[in-house]
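Here's the structure, in structure tokens; my notes come after.
The values are calculated or read from the model by the stated rules, or taken from the named source; none is laboratory data. All values derive from a computational prediction rather than experimental measurement. Backbone-built Cβ (ideal geometry, glycine too); neighbour counts: all protein chains shown. Ligands, DNA and RNA are excluded from the accessible area calculation, which covers all protein heavy atoms including side chains. Shrake-Rupley method; radii C 1.70, N 1.55, O 1.52, S 1.80 Å.
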Amino acid sequence: MQYGAYGVELARRFNIDDAPFMRTSTLKSEQLAATRVTTGSRGSGLTDYIPVEKAYIVTVRLQGIAKFESFRAGKLTWKGSCEAGTMSIMNLQDEPQLHLPTFYDCVKFYIPEIIISELAQSNEMPQIRDLRYLPTVTDPAMHTFAKVLAPLFGKPIHDGSLFFDHVAIAAYLHLARTYGGLDRPLPQAGTLADWQLRRATELLASSVEDGVSIQALAAACELPVERFLRAFKRSTGLPPHRWLREYKVKKATSMLRDTKLSISEIAYACGFSDQAHMTRLFVALTGNTPGAVRKGATGSRVI
């Protein structure tokens, strides 16, 4: 059963049929989640109260809103329009409501308070007391996070345990630094030591079928999550989920050339969901299909 203000729970409050969501799966205390809420042209009217809990909803607007009103505990706190790329922060203990008479399309990040302590400890950051209330503010970083996630809602996410964990934790850390009162700069991260790089890439390479979380990779390298992500990218030029995609394509290329397994068998052996998924990545990364590689086509881009 789902607990928390995301997914089905938000769909009910916004009077819509469906609100697809994604959530992390590797945090110990609770999970971060993101939900896409899209209404019809007439909006959703006055939303129902979201049950009070110790959590925040951070709303990032994918498209501008011609008119809306925001309430806290029944009192009007904002009235007007907002452009795409603006965001708001609401504490669910304040009983927030919206009146939406026009089209509304946004990504809502759900952040339980209990996570704040866990992420502060795992990233060697001071613990924030709260995220300050904001009815609307322009935030290019959060807009980018939302746009990256927007096309993925309601679809299977390949390498999802890596990708969504990466985006969700990065979004939280940005919010904590920007709106949680943290004024100390991020620690400078260098590259991974040889043993750390070897351990991380070996874990990724062995996880093509079952996947591995960002948290597990960072723990294996004995680093906080954010420091690990920065050091891994500096060491390889890629974030972990993209490194894994390229590794899968390289492994499949070798198998196409050196084995007699069918293309679909190779796709599953390399952790792709199916042959079509493998083909899409091959074309994107090499310029050729798996079939063309097997036939010895030339001109493939090196990845």
- Query: Of the residues that sit in segment 150-165 and are open to solvent by less than 40 Å² (accessible area, probe 1.4 Å) and part of a helix (DSSP H, G or I), which one is modelled with the lowest pLDDT?
  - Reply: Gly160
- Item | Looking only at segment 87-121, and only at residues there that are surrounded by fewer than 20 Cβ atoms within 10 Å (Cβ to Cβ) and small (Gly, Ala, Ser), the one that is farthest from Gly181 (Cα to Cα) | Ser117
- Message: So, Thr253, is that one farther than 25 Å from Arg23 by Cα and in a helix (DSSP H, G or I) or not?
- Response: yes
- Answer yes if at least one residue in segment 5-20 is surrounded by fewer than 15 Cβ atoms within 10 Å (Cβ to Cβ), under 20 Å from the mean Cα position of the chain (by Cα) and part of a loop (DSSP other than H, G, I, E, B), and no otherwise. yes
- Please find, among Gln63, Gln31, the residue that is touching a Lys or Arg at 6+ places or on another chain (Cβ under 7 Å) and within 23 Å of Leu175 (Cβ to Cβ). Gln31
- Query: Of the residues that sit in segment 31-55 and are touching a helix residue (DSSP H, G or I) at 6+ places or on another chain (Cβ under 7 Å) and crowded, with 19+ Cβ neighbours inside 10 Å, which one is nearest to Leu217 (Cα to Cα)?
  - Reply: Leu32
- Query: Any chance segment 205-227 includes a residue that's among the small types (Gly, Ala, Ser), open to solvent by 30 Å² or more (accessible area, probe 1.4 Å), part of a helix (DSSP H, G or I) and free of Cβ contacts under 8 Å to residues at least 40 places away in the same chain?
  - Reply: yes
- Message: Quick check on Ala292: is it surrounded by fewer than 21 Cβ atoms within 10 Å (Cβ to Cβ) and among the aliphatic types (A, V, I, L, M)?
- Response: yes
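For every residue, the table says whether it meets (1) over 20 Å from Leu223 (Cβ atoms); (2) modelled with pLDDT of 90 or more; (3) of a type in the set (Ser, Thr, Tyr).
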| site | (1), (2), (3) |
| --- | --- |
| Pro112 | yes, yes, no |
| Gln127 | no, no, no |
| Thr144 | yes, yes, yes |
| Val148 | yes, yes, no |
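Could you grab me the full set of residues in segment 136-149 that are over 16 Å from the mean Cα position of the chain (by Cα) and open to solvent by less than 30 Å² (accessible area, probe 1.4 Å)? Write out each step before concluding.
The initial filter retains those residues of segment 136-149 that are over 16 Å from the mean Cα position of the chain (by Cα), namely 136-139.
Passing the criteria: only Asp139.
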